[in-house]
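Below: the structure, in structure tokens.
The values are calculated or read from the model by the stated rules, or taken from the named source; none is laboratory data. Keep in mind that this is a model prediction, so the values were computed, not measured. Ideal geometry is used to build each Cβ from the backbone, glycine not excepted, and the neighbour counts take in all protein chains shown.
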Amino acid sequence: MPPLIELRPEGLYCAAGDFHIDPWRPVPRAVLTHGHADHARSGSARYLAAAQGLGLLRHRLGADSPLEGLAYGERVALGDTVVSLHPAGHILGSAQVRIEHAGETWVVTGDYKRDPDPTCAPFELVPCDVLITEATFALPVYRWEPTESVARAILAWWDECARRRVPAVLFCYALGKAQRLLAELARVVERPVHLHGAMVPLVQVYRDAGIAMLPTLPVSDSARGRDFAGELVLAPPSAEGTPWMRRFRDASTAFASGWMRVRGNRRRRGHDRGFVLSDHADWPALVATARECGARRVLATHGSTDAYVAFLREQGIYAAPLRTEFGGEDSAHA
Amino acid sequence: MKAFAALYAGLDASTATRDKVAALAAYFRAAPAEDAAWALHFLSGERLKRTVGPAVLRELAVRASGYPAWLVEDSYAHVGDLAETITLLTRRCDDAVAADLPLHRWVAELRAVPALEPAQRDARILGWWAALDDGERYVLNKLLTGALRVGVSQRLVLQALAEASGLPADRLSQRLAGTWTPTADAWRRLLAPADVDDARSDQPYPFFLAAPMEDAPASLGPRAEWLAEWKWDGIRAQLIRRSGAVAVWSRGEERLDGRFPEIERAAAALPDGCVLDGEVLAWRDGAPLPFGLLQKRIGRLKPGVKTLADAPVAFLAYDLLEVDGADLRAMALAERRARLSALLAAAGDPFPVSPAVDGDDWPALAAARDSARARGTEGLMLKRLASPYQVGRKRGDWFKWKVDPLTVDAVLVYAQAGHGRRANLYTDYTFAVWQGDALVPVAKAYSGLDDAEIARLDRWIRAHTRERFGPVRSVDPVQVFELAFEGIQASGRHKAGVAVRFPRILRWREDKPAAEADRLETLQALAARIG
């Protein structure tokens with residue numbers, strides 16, 4: 001009997017339910033875990049996703065995309081399977097996909113994290129027989145500090161920039177990380193933040209979903225020659241080194257990502273600061289999830305799958321790598 | 001240690017020079033003398049004598065983290081730095097209480113480690129890891145494993161010292177030249193007021209270094225204002241004859257005493273109170289021998305008769321920095337050279353003077369430069385006749401005008417992750433040339449690609465790995481690189497039978513298939529011709 005979910009050229013496929021999960025080519029029916037570009041691609045005939053993520057997906061895939069929303073935990077029959085979506089804690093509306101078929105339960109985590117995040121529903125541990133999990137940061141050197149201490153470190157850097165009268169430009173992924181930063185900072189400070197144009201509509205989607213964040217001002221609305229000294233500016237990594245940066249003369253720059261945990265990555269980026277903040281599971285979370293979900297088989301996708309798989313096997317959990325086309329080692333939004 | 005760890009973190013976090021200088025100066029002002037002395041020592045790239053081997057640290061990392069040894073190794077391969085890997089794999093225990101020992105007390109603790117019984121040593125290191133926070137643990141591990149490598153240059157450190165003390169940087173550099181022992185007394189002497197005399201009888205002057213020529217020599221003005229010499233391929237050194245003794249210092253400001261007895265003997269003929277700048281060369285019958293022969297001498301403290309006969313050395317004098325105990329460095333080079341010749345003649349010519357290269361105009365010198373390699377030299381040195389002897393590498397008065405390097409097209413066969421800024425990127429490459437149908441490694445190179453090329457090659461290496469040997473990957477033999485090198489000679493220690501000097505990557509030859517890379521015979525012929 002073929003496995004319930006298999007890897008096809010167009011992506012993860014469930015034959016019993018005749019649907020794909022986060023396919024990278026157009027298919028008749030796609031179940032989406034979340035709205036990042038390497039997971040939500042356009043062109044499929046029908047999409048099913050968590051109701052809380054529909055706003056983002058409409059923004060990403062087009063307002064008239066054939067999207068269908070499902071509440072977290074709501075069960076729906078697809079072919080011979082019963083499918084439900086459960087919070088993944090990655091970004092707004094992110095979901096794990098639970099598939100039940102012939103007495104067997106599979107869970108595809110998509111991208112997930114177990115740290116608290118004010119912008120999305122917290123990760124839910126879903127018991128299963130087979131777990132298909134991400135493994136982006138699957139080495140024990142990747143262990144996240146409490147988000148609040150990271151937010152305070154960012155605030156301290158911002159204050160220092162204010163003292164030195166220079167702009168503070170913080171690079172981070174435009175979807176998820178930027179909104180999480182704005183929400184986390186709102187807990188410790190009350191000042192407006194300037195946004196790169198690519199982030200403006202995405203922040204609006206989060207505001208429409210009722211997420212409390214710091215007030216934001218599009219940089220493009222600022223008068224020519226405005227002085228940004230002492231102010232915080234959020235920008236996507238793609239803005240680095242572009243003419244857009246010229247208006248922030250003498251800026252102190254920083255980058256917020258899980259990769260910043262390693263000094264070589266920090267120094268190579270050439271920023272003044274690297275803040276360790278990720279929307280992915282760290283090593284302790286990856287190991288805990290594999291153990292706690294009770295799966296007898298764990299399949300690991302994108303990341304340092306080799307070490308993770310070998311470690312789980314030593315722990316008595318049958319594990320194997322699964323080669324997907326999701327963002328790998330260089331994934332920008334990690 | 002908290003203050004020093006905070007300084008380290010501040011230096012590491014900043015990319016702006018003025019912030020680094022400010023952080024250093026603030027530390028130097030606030031730290032007690034014995035801590036400041038050690039901080040300066042470490043920031044100058046000095047390390048403690050081996051405290052504990054990396055194998056022990058790895059084993060302790062396994063114990064402290066609870067992870068299997070292979071996972072600690074995988075983590076190390078990913079991070080690229082043992083001290084950092086251990087820091088990331090261990091964590092402070094919340095109930096561990098530790099007093100904040102000052103830096104010099106930590107140094108004493110670390111220096112005591114080699115004398116401990118293994119069990120005691122292990123318990124102590126594990127205890128430190130459990131008691132220190134991330135920043136301190138990282139600095140401690142750096143000191144345990146070697147140098148700090150925090151990315152501040154000696155120039156920056158001097159600038160900060162000058163800012164903190166109000167003394168001129170050149171004076172500080174002078175006081176730091178040679179052996180500087182990190183003690184509270186040495187720190188106080190270093191920062192003593194400028195009018196305090198610094199008589200240190202065996203210490204060298206800071207070396208004046210030449211800058212590479214970047215423009216055509218005509219940009220230097222009239223030829224008549226310049227002295228041209230061969231650029232000799234040896235060890236730059238100062239010969240110090242003071243208080244009846246002789247000291248030899250390398251450009252790296254290490255003492256070479258005992259290694260070159262023939263030079264020390266000859267130096268006895270020099271009058272007391274003089275300092276010569278020059279080059280130590282392997283030398284026979286008035287001509288240089290390959291650098292490899294000199295290398296045999298560098299490591300040998302008391303060379304035997306055979307070594308002395310096989311690899312004779314000479315000191316070729318460039319400059320005169322001190323006579324009768326008086327500092328001549330402010331004098332014009334032309335005047336110093338005249339006094340140098342007179343002094344050596346009066347002493348019975350114990351050493352030859354590096355001769356001036358003739359040539360009436362720049363084109364004539366360019367033609368002379370073309371013959372440099374045949375003469376066993378690396379090119380020409382151009383020194384302004386009116387120049388004083390300055391400190392460090394300052395552009396304007398002294399230039400090195402090297403011959404174009406030799407080149408070879410070689411195939412990338414192995415890659416290893418780098419360290420520091422290049423940790424967890426594959427940046428240390430091994431290159432091979434063809435011998436029949438086989439590729440024979442001939443050179444390792446670490447530099448020459450820009451960041452974008454390094455990143456692209458790193459991705460390619462990861463996608464085209466054949467085998468892994470610990471941290472090293474063998475890759476598909478596809479990528480061809482043009483390598484430059486300064487010299488080549490036959491070598492019994494290398495598998496290929498030849499050894500190249502200063503190999504570096506000139507360009508990535510994506511246009512060239514691997515089959516068209518150079519053959520070993522070509523290199524062997526080159527070695528036979530010029531080695």
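At-a-glance table
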read-out	value
Criterion: closer than 30 Å to residue B:70 by Cα and among the charged types (D, E, K, R) - qualifying residue of B:507, B:473, B:529	B:473
Filter result for residue B:9 (of a type outside the set (Phe, Trp, Tyr), surrounded by fewer than 19 Cβ atoms within 10 Å (Cβ to Cβ), within 12 Å of chain A (Cβ to nearest Cβ) and touching a residue at least 12 places away in the same chain (Cβ under 8 Å))	yes
Any hit, the range B:274-289, residues being within 27 Å of the chain's Cα centre (by Cα) and free of Cβ contacts under 8 Å to residues at least 24 places away in the same chain	no
Test: residue in the range A:237-253 that is assigned by TED's automatic domain parsing to the domain that holds residue A:199 and touching a Leu at 6+ places or on another chain (Cβ under 8 Å)	yes
Count of residues meeting criterion [without any contact (Cβ under 8 Å) to a residue 40 or more places away in the chain and either away from every other protein chain (no Cβ under 14 Å) or under 23 Å from residue B:74 (Cβ atoms) (or both)] in the range A:270-305	3
Tally, over the range B:85-119, of residues that are within 14 Å of chain A (Cβ to nearest Cβ) and either within 30 Å of the chain's Cα centre (by Cα) or not in a loop (DSSP other than H, G, I, E, B) (or both)	5
Selection from the range B:1-45 of residues that are under 26 Å from the mean Cα position of the chain (by Cα) and basic (Lys, Arg)	B:18, B:20
From the options B:111, B:155, B:149, residue that is on the phi > 0 side of the Ramachandran plot and either in contact (Cβ under 8 Å) with a residue 60 or more places away in the chain or assigned by TED's automatic domain parsing to the domain that holds residue B:239 (or both)	B:149
Among the candidates B:48, B:82, residue that is under 27 Å from the mean Cα position of the chain (by Cα), more than 10 Å from chain A (Cβ to nearest Cβ) and surrounded by fewer than 20 Cβ atoms within 10 Å (Cβ to Cβ)	B:48
Residue check for residue A:12: farther than 24 Å from residue A:123 by Cβ, part of a strand (DSSP E or B), in contact (Cβ under 8 Å) with a residue 40 or more places away in the chain and not acidic (Asp, Glu)	no
Hey, residue B:139 part of a loop (DSSP other than H, G, I, E, B) and surrounded by 17 or more Cβ atoms within 10 Å (Cβ to Cβ) or not	no
Test for residue B:156: is it surrounded by fewer than 23 Cβ atoms within 10 Å (Cβ to Cβ), within 29 Å of residue B:25 (Cα to Cα) and more than 22 Å from the chain's Cα centre (by Cα)	no
Residue identified as among the acidic types (Asp, Glu) and under 23 Å from residue B:6 (Cβ atoms) among B:81, B:74, B:122	B:81
Meets criteria (at pLDDT 90 or above, farther than 23 Å from residue B:403 by Cβ, aromatic (Phe, Trp, Tyr) and in contact with a helix residue (DSSP H, G or I) (Cβ under 9 Å, 6 or more places away or on another chain)) for residue B:434	yes
Any hit, the range A:89-101, residues being in contact (Cβ under 8 Å) with a residue 60 or more places away in the chain, over 30 Å from residue A:191 (Cβ atoms) and over 16 Å from the mean Cα position of the chain (by Cα)	yes
Test for residue A:281: is it within 18 Å of residue B:89 (Cα to Cα), aliphatic (A, V, I, L, M) and crowded, with 24+ Cβ neighbours inside 10 Å	yes
Qualifying positions in the range B:425-475 - surrounded by 13 or more Cβ atoms within 10 Å (Cβ to Cβ), in a strand (DSSP E or B) and within 14 Å of chain A (Cβ to nearest Cβ)	B:426, B:427, B:428, B:465, B:473
The listed residue being in contact (Cβ under 8 Å) with a residue 40 or more places away in the chain and farther than 18 Å from residue B:314 by Cβ, out of B:367, B:372, B:347	B:372
Residue that is farthest from residue B:150 (Cα to Cα), among those in the range B:68-79 that are at the interface with chain A (Cβ under 10 Å from one of its Cβ atoms) and touching a helix residue (DSSP H, G or I) at 6+ places or on another chain (Cβ under 7 Å)	B:68
